[in-house]
1. Please pick out the residue among Y75, Y52, Y44 that is open to solvent by less than 10 Å² (accessible area, probe 1.4 Å), closer than 17 Å to A12 by Cα and either of a type outside the set (A, V, I, L, M) or outside any strand (DSSP E or B) (or both).
2. For segment 166-221, what are the residues that are among the charged types (D, E, K, R), part of a helix (DSSP H, G or I) and under 19 Å from L130 (Cβ atoms)?
3. Out of (1) open to solvent by 40 Å² or more (accessible area, probe 1.4 Å); (2) over 17 Å from M342 (Cβ atoms), what's the single condition that is false for T252?
4. Just give me the residues in segment 223-258 being small (G, A, S) and at pLDDT 85 or above, in sequence order.
5. From (1) closer than 18 Å to T43 by Cβ; (2) surrounded by 22 or more Cβ atoms within 10 Å (Cβ to Cβ), pick out the condition that doesn't hold for F135.
6. Look through segment 287-320, keep the residues that are of a type in the set (S, T, N, Q) and assigned to a loop (DSSP other than H, G, I, E, B), and return whichever of them is surrounded by the most Cβ atoms within 10 Å (Cβ to Cβ).
7. Restricting attention to segment 55-72, report how many residues are surrounded by fewer than 17 Cβ atoms within 10 Å (Cβ to Cβ) and small (G, A, S).
8. Can you tell me which residue is nearest to G167 (Cα to Cα) among those in segment 260-269 that are without any contact (Cβ under 8 Å) to a residue 40 or more places away in the chain and either among the small types (G, A, S) or surrounded by 19 or more Cβ atoms within 10 Å (Cβ to Cβ) (or both)?
Amino acid sequence: MTENAPYIPTNAVLIQNDGLRYAVVDSVTPDGVVVVTLGGELTYTPDMANMYAKTMRTLLHENGIDDVPVYGAAYEFGPHHAVLERIRLFRRAGRRIKRLWERDDINDRMESSMARMTENEPTPRYIIELYNKIFAPRINDAITNHAAANILAARMRGLVLYGHSHGGAVIRQMGDYMATDLRGRGYTAPEIRTIQRAVLAVQHAPTAPLEHPRFTTVSFGSAEDTRAQMYNKFYEFLYENSADIVPSFFDTLGANVFVAGRLKNTATGEHDPKGLLDHAVTNKTLTDDGKIIFAAQRNVIINGVHSAMRGAPMPTIAELANGGIVDFDQLQHNGRVIENWMTSDLQARSRISTRVHQK
């Protein structure tokens, strides 16, 4: 992006999967249960969006669910930088990111590009477009009928989101934009929380802040996934100690995170969502710990969709994740042990740092 070049806004395309094929659509259905897949930043064509949607449709079909529409999204960034968008998102979440690059000239260009992005798109236009395609139809229909918050929440209960990598940043930004929109429509803060918590968001290796999510959010990842660290002290600690990280569940600051030290047998692919389908070929590439993490992820999606189809209240995380090889109580116990270890480690580092500065 050069300083004098015209700024080209971002854009989004929504597709609906129909088995192997797909069609570009204007919006998701305004009622009932749907699943929307939001891929990584390389999901820039409808064909790529359909890869995620097709995988999700296969997962649902293999678990006896054939009447839930599945959608996918493609992002048209133009000169917009997804990496800078995520850095801006982390800064807004309170991260102290002072430099983007070691070289001053590159750092300055990146800061300038990010400032231009912010000036032209405080909220990226593709986020607003996806919000209008996914959430607005349900909200507008409810508002027309003067729906109370609990009625609108019941409509939101039909939305199940699946995000991979940058998809986590998309989900986070749509949640923030939705809160602003609902506030402008006259809903109170408690009402907005009730409405948004009715949406289930499942994330694999999200490159976005994990804490204080708007939706009921469950994230899955690998301690050795360097792309998911991005200024996150939690993931930095896990990466440094990945050899000792057993399958665990963490629920601090509103985030529900399932992590293992390593998900794949190969030297690469820790960021890759392949493993979601319970197939023999895929399972060969997974570690035993990876099989547990992906099994928990499948359980959350399938149990979440089933409960939404019944119109039931949002299940607990234990109810969503349990089943098969997944023992939620054990994962939660493991997480508490590791969290105590992490707290002790950070306190020890702080004491050492304090002594160094005092000398």
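The values are calculated or read from the model by the stated rules, or taken from the named source; none is laboratory data. Here the structure is a predicted model, which is why all the values come from computation and not from measurement. Positions of Cβ are generated from backbone atoms using ideal geometry, with glycine treated the same way; all protein chains shown enter the neighbour counts. Heads up: the accessible areas ignore ligands, DNA and RNA and are worked out on the full protein's heavy atoms, side chains in. Shrake-Rupley method; radii C 1.70, N 1.55, O 1.52, S 1.80 Å.
1. Y75
2. R172, D176, D181
3. It fails just one condition, (2).
4. The first filter runs over segment 223-258 and keeps only residues small (G, A, S), leaving 223, 228, 242-243, 248, 254-255.
Those that are small (G, A, S) and at pLDDT 85 or above: A223, S242, A243, S248, G254, A255.
5. It fails just one condition, (1).
6. T287
7. 1
8. In the first step, residues of segment 260-269 are kept if they are without any contact (Cβ under 8 Å) to a residue 40 or more places away in the chain; the result is 260-261, 265-269.
Checking the rest, the ones that are also either among the small types (G, A, S) or surrounded by 19 or more Cβ atoms within 10 Å (Cβ to Cβ) (or both) come to 260-261, 267, 269.
On the way: A260: 21, G261: 22, A267: 24, G269: 17 Å.
Checked segment 260-269; the qualifying residue nearest to G167 (Cα to Cα) is G269.
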